[in-house]
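The values are calculated or read from the model by the stated rules, or taken from the named source; none is laboratory data. Since the model is a prediction, treat every value here as computed from it, not as a measurement. Note that we place each Cβ from the backbone using ideal geometry, even for glycine, and neighbour counts take in every protein chain shown.
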Amino acid sequence: MSKRIFALLLALALLLSLCACGKEGAGKGEAPVRSGNTDAGDGTAEMVPGYISQVIELPEGCSSVRLMTIAGDRLMAVCGGGEDYRLCAMELGSESWSFLPFKGEDFGGRDSRGFSNYGISGFDVCDGVLWVLVRQYFMESGDEGRFYVLRYDCASGEELSRAEVGFEAIAGTESSTPIFSDLIPLGADRAALCDYENAYIIDSQARLLETLPLEGFNFNLVLRRGEELYVCGEENGDIGLRSFDMESFALGSLVKTEANCYGYYVSEKGEAFLSQDNGLVSLDVNTGETESLFKWLEVATSLEFAQEMGMAVQSAAGDYYTAGISSRNIQKVSPSLVKDRELIRLWGVSDLGILNAALRFNSTNEDYKVEYEFIGSGHELSQQEILELVLQDSPDIVYTPSLPQNSIDAGLFVDLLPYIDADESISREDFIEPVLKSMIRKGGLYELLTQVDLLSLSVRAELFPNREDWTMDYVEEMIANRPAGEPVYFWHRDQEYMLDMLCRISSGEYVDWEAGTCSFDEGGFARLLQFVKDTPYTAEAATPVLMEPIMGIGSSVALSRNFFQGDYEYAGFPGTSGNGSYFTDSAQYSKNGYGIMASSQHKEAAWDFLRLVLLPENQEYGLDLSFGIPVTKAAFEVQLEKNIYEDVMFPEYSFTREDADKLRELVYSTEKMARKDDTLTEIISSEASAYFAGDKSLEDTVRNIQSRASIYVAEQAG
C-alpha cells in the first residue's frame, strides 16, 4: 500500500514556487460568490507569452515511459507494460505510434519469480541511428550479466545491428567486467559507454576503439544541443559543463553553473535547457547562467509530471516533451499566448493532496492560478515568527499548523462553513461526521483539515473476544498467559512510545475542548497509565507479538500481519469508550490543515481551489492511504478501492478487500478526534515520569494531571 511513497515524496520536495502580493479584504461569515470564469475589468482578457500543455497517451499495451529521445519528426521512447519493454516511435505531426522490432525474451525475459531479466539503460539518437544499451541480468545465479548494443534506423525502424559487449575493463578498475551506466551515441557508427571510471569508445559492433579515463567529467549530465554535446565536468572542486567533441573526444573548458547538472536533455532546435527544482530553465552554455522557461506547477497536468524530471526533449518546432518517474503518459508543453490570470497565493508545506489540487486548478481555471510558496514545517522559524510574516505579506491561503493555535479564528481566517453550504459539489453530509465536528470551533470552521489518521490498537484475530469484552482485565490476563518470552509489542514500542500514545488518545477521550473541561480523575485514565507502566517491554528484535499500537493507518495492515504471523482485528484501546479508536489530526506525517485569510481579495477563488482537495477526483493519481485518510466519505472510498492490492510474492504486504472492509468499518465507527497537543503531552508526560520512577503514587499523579490540565484546557476554550 505504500510502495510509491518514496517517489511521491521526492516529487513533492521539488515543486514549490515563490509567491506575489495580496491585499486586505472582508472577514467572517460572508456569503460566498462563485468565481466561475468571469473576466475582470472590461472583460477583455490580456494575453501574455506562456505555455500550454497536452497529455500524449502511450501506445496500446504500454503503461509507463522509462526513457525517451527525439530524432527529427519522431519521438522515440522505451515503454514498460505487459511482459516486456517496448521500443516505440511517435510521429510528431500525427502523434501516431509504431513499434520497433524488439523482443525482451531475447535477453532472458523474466525469471522464475516473474521479475524482468533485463533492463535498458542507454537510449539516444545520432545521425539518424537509434542506439540502445540492454543489460541482461542473472539475479538468481549472482552473475553480473551481459550487455548488448542494438542499433535501429530511425526513419524505417529497421534493426541495423545487435552485438554483445565483449571487452574487459582496463587494468586498475574495480570490476573485472565493466558495469555500464550510460550509452552516448557519437555518430551513426560510434558511441561511448560509461562505467563511472572510464568512457569506452565503441564501433557499431560494440568493439572497443579507445578508452578515455573519466578524470574531471562524467555522464551524469548529457545535453545534446543540435550537433553539439555537453557533459558534466569538474575542476578544482567546481562543477559545471564541458563541451565534448564527438570526433576527437576532446573536452572543452569548464563552464561553472549553479544549475543542477544531471539528467538527459536533447534539443532538435539547438537550445540548451535543464530541469531544475521548480521547472525547466534555459542555459547559457558559455556563461553557465540560467533563466526560467516555465514552472512545473504552471504546466503540469498531474503529479506524475510535477517534478524535477531529468528527462526532457525539444522538437525543432520548439515543443517540449517531458515525463516523470515511470509516467503513465508523456506531456507536451508548447509556447503559446495565454490569458494573464490572477494569483491565488498559497503558503504551504510538502502535501501531495494540496499539490495535486493546485495542478488540477491551474490546468483548468481560466481566471486564476495558484502559486505555491514553501514555508517549511515551522522548524526553521517559530510559529510566532511565521505568524508575523503572514500578517505582513497576507497570502490568500495558509498552512495553519505553522501558526499558533490561538490565532486560527475569525480575526485571521474566514469561516468556511458558508462556502461549504453554498457549494453544489460538496456539503456537510459528505464529510466523515466526527472529523467535521472536530474542525468546528467557536461556531466556525477556520482550519480545514484535508486528511486525518487513526490511533488504535490491533490484536491477533484469535485473541480478540469482541469489543465489549475487550477490557483491561481481559488484556492483562491475556498478557499474563502469553507463551514464555513472547513480547507484548514489537520491540520499538517501548514505555515512552506507549506513553505518547496515551497522551494522544487522552486529548480525545478525557478532554472536552469546546466546554473547556477534562476528566482525568474519572473513568479509566488511571488504569491505562498504570498499564503503560507495568506492561512488559522488550529490546529484542523478536516476533510474533500480541498487540500492535497503530499510529497512522498506512502501514498498519502489513505491520500487524508481520508481527502476528496471521490475521488481525482492530481492537481499540481497552477501558475506553466507543470502539476505542480515535481520529487524529497528526500521526505518521504532519498535520494537513489550511485556512483562507480574511485579508484575501480572492476568497471565492481560493475556496474554488481548496474544495478540490476534498473531492474524490483528487484521489485519482499519486495519493495513498499511507499519507492519511481523506476527510470526505466519497474520497475515502476512492482511496480504499485504489489501495486494494494482492502481492503474490509477499502476501503480508497485500491489502485485500477484506482489509478494506475492516478499515471501512473502523473509520465509520470511530467517533472521537485526538489532537497532538504539545502542552497537554508535556503535562501528562512530566507527571507520569515521576510516577514511573517511583517518586509519586498513581493517585497523586492523576490528581496533578487533572489539576494542571483543567487550567490549560479551560484557557483554550476561552
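Brief remarks on what is shown
- Residue in the range 561-611 that is surrounded by the fewest Cβ atoms within 10 Å (Cβ to Cβ), counting only those that are closer than 20 Å to LEU449 by Cβ and among the basic types (Lys, Arg): ARG611
- Filtered by the rule that a residue be surrounded by fewer than 21 Cβ atoms within 10 Å (Cβ to Cβ) and of a type in the set (D, E, K, R), the range 251-276 gives LYS256, GLU258, LYS269, GLU271.
- Some residue of the range 363-379 being crowded, with 21+ Cβ neighbours inside 10 Å, small (Gly, Ala, Ser) and closer than 30 Å to GLU46 by Cα: no
- None of LEU680, LEU663 is more than 25 Å from ASP512 (Cα to Cα) and in a helix (DSSP H, G or I) except LEU663.
- Single residue of GLU304, GLU215, GLU289 found to be surrounded by fewer than 17 Cβ atoms within 10 Å (Cβ to Cβ), at negative phi and in contact (Cβ under 8 Å) with a residue 12 or more places away in the chain: GLU289
- Selection within the range 684-704 - closer than 13 Å to GLN530 by Cβ and in contact (Cβ under 8 Å) with a residue 40 or more places away in the chain: ALA688, TYR691, PHE692, LEU698, GLU699, THR701, VAL702
- All conditions but one from (1) at pLDDT 95 or above; (2) in contact with a strand residue (DSSP E or B) (Cβ under 6 Å, 6 or more places away or on another chain) apply to LEU529; the one that does not is (2).
- Some residue of the range 234-241 being free of Cβ contacts under 8 Å to residues at least 24 places away in the same chain and either on the phi > 0 side of the Ramachandran plot or surrounded by 23 or more Cβ atoms within 10 Å (Cβ to Cβ) (or both): yes
- For the criterion of being over 18 Å from the mean Cα position of the chain (by Cα), touching a residue at least 40 places away in the same chain (Cβ under 8 Å) and in a strand (DSSP E or B), VAL281 fails.
- When we screen SER327, SER363, SER382 for residues that are closer than 30 Å to LYS591 by Cα, of a type in the set (Ser, Thr, Tyr) and free of Cβ contacts under 8 Å to residues at least 24 places away in the same chain, the only hit is SER382.
- Within the range 429-515, helices (runs of 4 or more DSSP H) holding 1 or more residues that are surrounded by fewer than 16 Cβ atoms within 10 Å (Cβ to Cβ), touching a residue at least 40 places away in the same chain (Cβ under 8 Å) and touching a helix residue (DSSP H, G or I) at 6+ places or on another chain (Cβ under 7 Å): 495-509
- Residue check for LEU223: modelled with pLDDT of 90 or more and buried (at least 18 other Cβ atoms within 10 Å of the Cβ): yes
- The number of residues in the range 148-178 being crowded, with 16+ Cβ neighbours inside 10 Å, modelled with pLDDT under 90 and over 17 Å from LEU209 (Cα atoms) comes to 1.
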